[in-house]
Amino acid sequence: MKKFTKEVYLKWYEDMLFWRKFEDKLAAVYIQQKVRGFLHLYNGQEAVLAGSLHAMDLDKDRMITAYRNHVQPIGMGVDPRKVMAELYGRVTGTSKGMGGSMHIFSKEHRFYGGHGIVGGQIPLGAGLAFADKYFKRDAVTLCYMGDGAVRQGSLHEAFNLAMLWQLPVVFICENNGYAMGTSVARTAHSTEIWKLGLGYEMPCGPVDGMDPVTVAEEVHKAIDRARKGGGPTFLEMKTYRYRGHSMSDAQHYRTKEEVEEYKKIDPITQVKDVILEKKYATDKEIKEIDDRVKKLVKECEEFAENSEFPPVEQLYDVVYEQEDYPFLQHKL
């Protein structure tokens with residue numbers, strides 16, 4: 001796999017810091033009611049995405065996830081300004097302002113959502129992998145889900161068919177401990193979620209989801225297996241989210257002390273410590289990265305603020321188009 005070089009660590013630090021600050025800005029403008037509806041933030045889970053991207057071939061591999069989905073498309077190459085604009089409901093957004101927080105999507109960058117139905121993306125991820133195998137495209141799909149979604153029957157149906165057909169898909173559970181607000185211990189007899197793969201004889205295992213190096217190593221093995229025709233893998237990323245399930249979550253199910261304990265193994269801090277320990281960058285260079293991140297977040301906010309809302313006529317352009325029904329003239 002690709003080595004963990006100085007450049008990789010510096011990119012990890014800048015990317016993860018930007019994702020964190022991007023989400024922090026969204027939280028701030030949500031309170032100001034500039035972003036509305038549901039808002040599920042990724043703070044604390046950045047190592048899962050950073051490590052996964054390092055293992056992927058972004059020229060052909062695909063990604064699909066649930067509704068905690070703002071920073072994944074950015075990692076896949078989508079312009080963050082467009083992602084911010086989508087959350088603002090502006091016409092310059094990734095779906096022209098019609099998708100919103102839970103439905104970021106970019107076919108161009110092989111990011112297939114953003115799905116609000118719990119577990120709904122799991123069979124779709126298997127379906128993407130089925131298409132790639134059918135058309136011999138040598139691509140692998142990474143399909144993410146939360147720990148709450150693994151209670152859905154759709155997961156078991158998808159696992160069964162993925163193994164039966166040996167589909168090139170990596171199923172990844174981001175176990176942040178609480179699903180919406182209920183711990184795994186209260187919803188399942190076994191708290192080792194990765195063991196669900198054993199019933200299908202699917203390669204599976206737990207992963208330290210707070211360390212991008214460990215994530216990259218395990219995802220690389222799974223992708224390599226899938227690309228060589230070895231079928232699917234199920235990985236349980238043991239991670240943690242610092243914010244609530246959504247902005248409306250009062251978080252009565254955990255203590256502030258617990259959150260602070262997990263911040264001691266923050267993925268951004270871990271990467272920064274390696275950078276400083278190995279002298280990959282000076283304090284001045286770290287500050288330059290911090291300043292670039294702050295500037296880009298500001299640019300995203302200004303781009304969204306200054307963009308127009310979509311015209312009402314757009315409603316008629318984004319449903320469907322029928323050749324023998326000429327009464328609605330499509331412009332898109």
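The values are calculated or read from the model by the stated rules, or taken from the named source; none is laboratory data. This one's a predicted model, so the numbers in the text were calculated from it and none came from an experiment. All Cβ positions, glycine included, derive from the backbone under ideal geometry; neighbour counts span all protein chains shown. These accessible areas exclude ligands, DNA and RNA; they are computed on the full protein's heavy atoms, side chains included. Shrake-Rupley method; radii C 1.70, N 1.55, O 1.52, S 1.80 Å.
What relative contact order, as a whole-number percentage, does the chain give when Cα pairs under 8 Å and 6 or more residues apart are counted? Write down the numbers at each step before the final one.
Details: 606 pairs, mean separation 76.6, N = 332.
After rounding, I find 23 percent.
Shown here for the range 271-332: trypsin sites (Lys or Arg not before Pro) in loop regions (DSSP other than H, G, I, E, B) with at most 15 other Cβ atoms within 10 Å, namely K278, K279, K331. By a 1.4 Å probe calculation restricted to protein chains, T282 has an accessible surface near 70 Å², given to the nearest 10. Size of the range 31-170 from its Cα atoms: along the principal axes, largest to smallest, the extents are 49, 33, 27 Å.
Run the accessible area of the chain with a 1.4 Å probe and give the carbon-and-sulfur part as a rounded percent. C and S fraction of accessible area: 54 percent. Only lysines eight or more places from K107 in sequence, or on another chain, were considered; those with a Cα closer than 23 Å are K60, K82, K96, K133, K136, K331.
Averaged over residues, the count of other Cβ atoms within 10 Å places the peptides 321-329, 91-99 in the sequence 91-99, 321-329, highest first.
Heavy atoms of the protein chains alone define the surface here; on that basis the range 1-131 has 37 Å² accessible area per residue at 1.4 Å probe size. Counting every C-alpha pair in the chain, the share spaced more than 37 angstrom apart comes to 17%.
Roll a 1.4 Å probe over the protein chains and send me the accessible area per residue for the range 133-284 in Å².
Per residue, the range 133-284 has an accessible area of 50 Å².
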